[in-house]
1. Give, in nm to one decimal, the length gained when the segment between GLU635 and SER482 is fully stretched (0.36 nm per residue of separation minus the Cα-Cα distance).
2. Which of the residue pairs LYS23/LYS215; LYS23/LYS226; LYS234/LYS382 have a Cα-Cα distance greater than 23 Å in the structure shown?
3. Could you state the per residue volume, in Å³, of the convex hull enclosing the Cα atoms of segment 154-200?
4. Rank-order 260-266, 70-76, 393-399, 190-196 by packing density, defined as the average count of other C-beta atoms within 10 Å over each peptide's residues, highest first.
5. Given the pairs LYS230/LYS467; LYS67/LYS100; LYS133/LYS445; LYS220/LYS626; LYS99/LYS467; LYS267/LYS378, which span a C-alpha to C-alpha distance of over 26 angstrom in this model?
6. Can you pull the one-decimal nm distance between simple spin-label points at ASP269 and ARG4, each 7 Å off the Cα toward Cβ?
7. What are the GluC sites (Glu not before Pro) within segment 138-185 that DSSP puts in a loop, where the Cβ has at most 16 other Cβ atoms within 10 Å?
8. With the other protein chains left in place, how much accessible area per residue, in square angstrom, belongs to segment 76-119 at a 1.4 angstrom probe?
Amino acid sequence: MRRRYTWHIFQSIEYSGEQAQIKLYNFLGYLMDNFTPSSNERNLISHIFRENEVCQDAEWERYFCYKNIQVPEIYSGPHLCFPVTVEQAVGLVEAFRNKKQLHSRYVLQLLLETWKLLRMLPNISRISTCHSKEITICGDLHGQLEDLLLIFYKNGMPSLEKPYVFNGDFVDRGKDSIEILIILFAFLLVYPTEVHLNRGNHEDHIINLRYGFTKEVLTKYKMHGKRILKLLQKIFSWLPLATVIDQKVLILHGGISDTTDLGILVKVDRHNYVSALRPPKKKFQSSSRTSIDSEADDDWGQHRLSQRRASLTCPKNLASRGNFLNRSLQDFSDRIKVSKEDEVKVCQQGAALLDAGIDPAAKGVDASFNPVVSDSAKEEWKQILDLLWSDPMSQDGCIPNELRGGGCYWGPDVTEDFLGKHHLQLIIRSHECKQDGYEFCHNRKVLTLFSASNYYDVGSNRGAYVKLGPNLVPYVVQYQASSMTRELTVRQSVGKTERSALKVLREQLFSHKSDLICAFKRLDDENTGLVSLNNWASAVESVMRLGLPWRMLRSQLVTGKTADSLIDYHEWFNELAIKGANADHIDQSLLETLYRHRSTVETIFRIVDTDNSGFITMEDFRQTWKLLSVYLKMEITDDAISDLAVTIDSNHDGSIDIDEFMEAFRLTDKKSRLERGRSMFMATTTDLSALEGDPNV
């Protein structure tokens, strides 16, 4: 039971973070669709939506060119020459094992070669066991290099006799995501018919902003990180969507829905979906083949920064439920309705200007205004979204995946119909951390495989990979990458993981102090400061909405109670009190907002930091909080924002160091595995309901 509720704590917080990220992106997408190109708000965020740039591949290759980057003589890391050899790929593994870093020249060259190869691959890879006799399949690695090294140690490195399928989510959360990509891409170039890479939901630059990969690349490659990230966006969009073994076993990252059709997935232009979180929009194109609504990348468009001003006005009410904060991503593209007359008018204006050789954006016409997506494009998008984000459930049917905010939950009946329709016998998917590293469901016709051990914290779970021979019967190999965990007894391991989960939960509770006290007071008619155990549990669940057994957890979370078993909730918060920043002079409601939405705040900071310098100006800092205030539907005064800025700008240079700012307002003393390489998940489903205007919160 302790192990089960510990797991539930970790997973609930993880999924609420994913849901919060999707809702934030929906909000930003709303701004892009409804604000004019010249608006300050659109300037602030437009660079993350440059997904439909249609420059010729040759133009991009010139931009990504590595030849002007010199490798200094003092460089002691691995060297590459092309085409890459087996010895060089193995050398990269050893170099990264010894904490060396590959020079940015070689990184760009390797990525360019990978991009060229991926563009020749089909959407669905088809492979056979008849030559190798055995294929190894790996699930999520999430930047945990120690797990990949252990897999290679136990199973052998990729070769003609040892083919591999890596099933997405190579990056984010862990600290060595770029090293994992480099290793996998190197072996892909050496063995293009033996190494197969499927796309995961974290191979998405919007997700990378929140979960650490963007920050990792910019930290490790300060000079050329921007180009590396842009090239990786291209590469991620060209990763195959699935792999089929012997026409009988389908391997994909997330799952299926009742509308998933491999016939459609085979034909989609997968590279159009740079982010799977948003359906592609129709764009006007200029004669230069560059999307006129997208700014030039990186150094090409920095002059736009000077146009920013402090105003933040909205063309319509952002607060209503129907506009942008809905429960499911699938519904989002239908939520924003634009009158047909307005749509036609804007399209006609844009077309007339184009005919005259004038950039519509220069005349204030929003060339990307048309939010209407063709039925076929919407269907393609839903197919990819379901494939990357969905999870199985035990009940029959297919319903929106509200926990994650994207994709669906599908039942055993959907699995049966899908397998029968496509003449398959097994689905292998990843996407969900499992305590044993794997789990069968749907009458053993769906296998979930997760290869990142110690994912939430040291000892929280095993990793696993699967070997599949000609009989197509999965043989599962489990492991634990941490030697420290292998030395613990089961009781010690459960106890250690439980303490870590409870610590994260206490921080969640502390960051919702105001809402919790309001909930307690509603149940405390006589204002005694006391509530019963039942009322305490129901109040906490009404605010946190994590679905946890609060009555059972009471002994772990509340130490003090009166003789008649009543809980003093004011005293409880004194027990929960966590040492944060020295911020007594800062508005407490603003401080609590920062703690609660810390990950969302950091994500917006990194979006606003258009040049990826790690610093934002004081003006951008204020703009960030104004944007956040609209998103959260709360008043944040200029004075409160100024106090917050002055607190962190200790050297008075007029700029804010993003990392220093977020570190100053981190509640934990030491980052757990759940936090590692990214911000702590501070938003819960309560926050999301509040954003939707729930009167009960």
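The values are calculated or read from the model by the stated rules, or taken from the named source; none is laboratory data. Every value quoted in this text rests on a predicted model; they were computed, and no experiment measured them. Here the Cβ is made from the backbone with ideal geometry for all residues, glycine too, and neighbour counts use every protein chain on show. Accessible surface areas use protein heavy atoms only, side chains included; no ligands, DNA or RNA. Shrake-Rupley method; radii C 1.70, N 1.55, O 1.52, S 1.80 Å.
1. Values: separation 153, 0.36 × 153 = 55.08 nm, distance 4.63 nm.
Result: 50.4 nm gained on full extension.
2. In this structure, LYS23/LYS226 exceed 23 Å between Cα atoms.
3. 78 Å³
4. Working: 260-266: 16.4, 70-76: 9.0, 393-399: 13.7, 190-196: 18.6.
Top to bottom by mean Cβ count within 10 Å: 190-196, 260-266, 393-399, 70-76.
5. The pairs that break the limit, which is 26 Å between Cα atoms, are LYS230/LYS467; LYS220/LYS626; LYS99/LYS467.
6. For ASP269 paired with ARG4, the spin-label model returns 5.0 nm.
7. GLU161
8. Working: 1870 Å² over 44 residues.
Per residue, segment 76-119 has an accessible area of 43 Å².
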